[in-house]
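Here's the structure, in structure tokens; my notes come after.
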């Protein structure tokens, strides 16, 4: 590769990262702004963080969003893992293409269509069987699990396709049951993919606005809905403080998860190398 082309590619890379992260950096800086005007620097201050901690509406919405994200991601991890295994480990069977289409549909479907469809479903179910009674955290949880399961299934199925089947076959030849092979061999190997899928589902659930607006009720307002309502009436520096806290928490979780996954991968590579050495030696 020529030096000129290398500099051009480096320039595109720098521009791309700047386009993505400079606005976030400015948001973090202006969260410590003394002035109420978010675009006018008035000096360093942390008063907006104190004001944020006294805003019960935002704190309640944040707690609901975090709880909803945790429950949705956990349920999606179970369903998505099962769907990923069904797509990759059972060969060709009747309904496989239908299952694949159902898994990918929520990812490509416009959120407005998904939200409206779920709303009509919940209304019809309430009229027929009386459940769910109204809109609330239950309908939000069902809706979030519906579209986050797809992302977990894609991540897990991709990892399963790269898995060396000879390891599992060797365990089966040595007398291990399929269930024991799954929990002692397959599950530890795909653990990084499970963590990635859970984090992805949690982030998407925490960030969702459109679908939540359709299926939520008066007592189940999520954090994105509160932020959207606040921005419509004028941007408050408290929103900058809230966004900074979220960025800090998410960055910490991602870094720690990345370190853990790297260590797990290195450990797995060492174990494979040791096993190969024992076999050949």
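Summary of computed values
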item	result
Most mobile listed residue (170, 75, 143) in the chain, GNM with C-alpha springs under 10 Å	170
The range 160-277 - percent relative contact order, Cα under 8 Å, separation 6 or more	21 percent
Three-way shape call for the range 1-154 based on the alpha-carbon gyration tensor, with the a/c threshold at 1.5	oblate
Label-to-label distance, nm, for residues given as residue 99 and residue 138 (7 Å Cα→Cβ offset)	2.9 nm
Crossing angle, helix 191-207 versus the chain [Cα axis fit, 0-90 degrees, rounded to tens]	20 degrees
Per-residue Cβ neighbour rank within 10 angstrom, fewest leading, 228, 122	228, 122
Computed helical MRE - 222 nm, the chain, DSSP H runs ≥ 4 contributing -39500 (n - 2.57), nearest 500	-26000 deg cm²/dmol
Angle in degrees between helix 137-162 and the longest Cα principal axis of the chain, rounded to the nearest 10	40 degrees
For the chain, built as a Gaussian network whose Cα springs stay under 10 Å, the top-fluctuating residue of 48, 260, 141	260
Nitroxide proxy distance, nm - points 7 Å out along Cα→Cβ at residue 13 and residue 235	3.0 nm
Between the range 4-61 and the range 86-134, the Cα center-to-center distance that results, in Å	37 Å
For the range 204-281, the fraction of alpha-carbon pairs in successive 10 Å shells from zero, as %	15, 27, 21, 14, 12, 8, 3, 0
Alpha carbon Rg of the chain, scaled by the compact-globule rule 2.2 N^0.38 Å	1.25
Label-point separation in nm, residue 165 to residue 254, each point 7 Å along Cα→Cβ	3.6 nm
Hypothetical label at residue 109: residues of the range 151-189 whose amide nitrogen lies under 17 Å (7 Å Cα-Cβ projection)	151-154
Among 100, 248, 16, residue whose mean-square fluctuation peaks in a GNM of the chain (springs only between Cα atoms under 10 Å)	16
Over the chain, relative contact order from alpha-carbon pairs under 8 Å, at least 6 apart, %	30 percent
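We did not get these values from a lab; they are worked out from the coordinates using the rules stated. Quick caveat, the model's predicted, so the values are computed rather than measured. A quick note on method: Cβ atoms are made from the backbone with ideal geometry, for glycine too, and the neighbour counts reach across all protein chains shown.
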